[in-house]
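Only one structure is covered here, and it is reproduced in the block below.
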Amino acid sequence: MKLFGRNVTLPSRVVEIGWLLDAEKGTFIWEAPRKLQREETGMRHAKSVRFCPAVIDHDARQFEVVSPIDMHLRFALDEKTKAPTLINVSGDQSTIRPKHLAQMITIVSPKEWRHPQRPVIQLITPYVFVSDEPVYINQLPPYNHYRETQLPGLLIGGRFPIEVWPRQLMWAFEWHEPKKDIIIKRGEPLFYARFETADPARPVRLVEAVMTPDLRAHINGMSGVTNYVNRTFSLFDIARQRRPKKLLTKKS
């Protein structure tokens, strides 16, 4: 369209955000991120909460990532070294082999905990979100999922710009009551993803993306930088300068 006598390309009404799984194998256990599941209660009253425009708009902008495995974890200290360790309480009845559970879930070094009595564990996920326009992702706890037995701690959230920093997401959990077990079933939400755009009125649409050579090279550029610097946000300007024009390529 013409604006003030010049041809101007206006952004699409919808902000497209790509998601992909950055893993070489086992990707079938990870489900696609999905819109927040709204409970169907059968309540059809016109003034029901489920018809509130504010609630509908809020839920439409939330996407949930669910657990790919059953986990029943217990915290312990090694008898000899006193080093923190994880116990797979399900033992031989566990649906996941101990070797692979240890590859997925790790205990953060006690030196890096936020509190000396609150262990922090991490589940490595292969989810990568990417955009070709300014978008921040917010990683939030699944506060809309009711548990009869609450988890003994808190999700550690995060926020960063995915158009310049499309990295793998972690599920980081701060264990406030380490004497209580962590029990999560496959298919239960691990966290929510909410996206901020320059215009908060624009809706977002999640699309499956592919790992292109340009995207792989950009991800490699940020890989491992936390081993060298503390404030990775200081590298965003460099990442923005070096990113190719297009990182999001939709899967056909």
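Just so it is clear, none of the values below were taken in a lab; they were calculated from the coordinates. Not measured: the values here are computed from a predicted model. Cβ placement follows ideal geometry from the backbone for every residue including glycine, while neighbour counts extend to all protein chains displayed.
For Arg167, the residues 5 or more places off, or on other chains, whose built amide H falls under 5 Å of its own are Phe129. Using θ = phi - 60° in the Karplus curve 6.51 cos²θ - 1.76 cosθ + 1.60, the 3J(HN,Hα) couplings for the stretch 94-110 round to 5, 7, 10, 5, x, 4, 6, 5, 5, 6, 8, 10, 10, 9, 5, 3, x Hz; x is entered for Gly and Pro.
Backbone amide hydrogens, once placed in the peptide plane, bring Gln62 within less than 5 Å of Leu36, excluding anything fewer than 5 places away on its chain. Distances between placed amide hydrogens fall under 5 Å for Glu188 paired with Ser67, all partners being 5 or more residues away or on another chain.
When both the stretch 52-129 and the stretch 151-214 are represented by their alpha-carbon centers, they are found 13 Å apart. 3J(HN,Hα) couplings calculated from phi for the stretch 179-187 with the Karplus curve 6.51 cos²θ - 1.76 cosθ + 1.60 (θ = phi - 60°) are, in sequence order, 7, 9, 6, 9, 10, 9, 8, 4, x Hz; Gly and Pro show x. Within the stretch 179-215, whose backbone N sits under 20 Å from a point 7 Å along Cα→Cβ of Phe28? Within reach of a label on Phe28, which here means backbone N under 20 Å from a point 7 Å along Cα→Cβ, the stretch 179-215 contributes 186-188. Its residues counted as N, the chain yields a C-alpha radius of gyration over 2.2 N^0.38 Å of 1.15. If the chain linking Ala102 and Glu196 were pulled fully straight, counting 0.36 nm for each residue of separation and taking away their Cα-Cα distance, it would gain 30.4 nm.
Cα axis of helix 213-222 to longest principal axis of the chain: angle in degrees, 0 to 90, nearest 10? The angle comes out at about 50 degrees. Legend: ranking of residues Glu133, Glu174, Glu64 from fewest to most surrounding C-beta atoms inside 10 Å; resulting order Glu133, Glu174, Glu64.
Note on the stretch 194-252: Cα-Cα pairs beyond 13 Å make up 72% of the total pair count.
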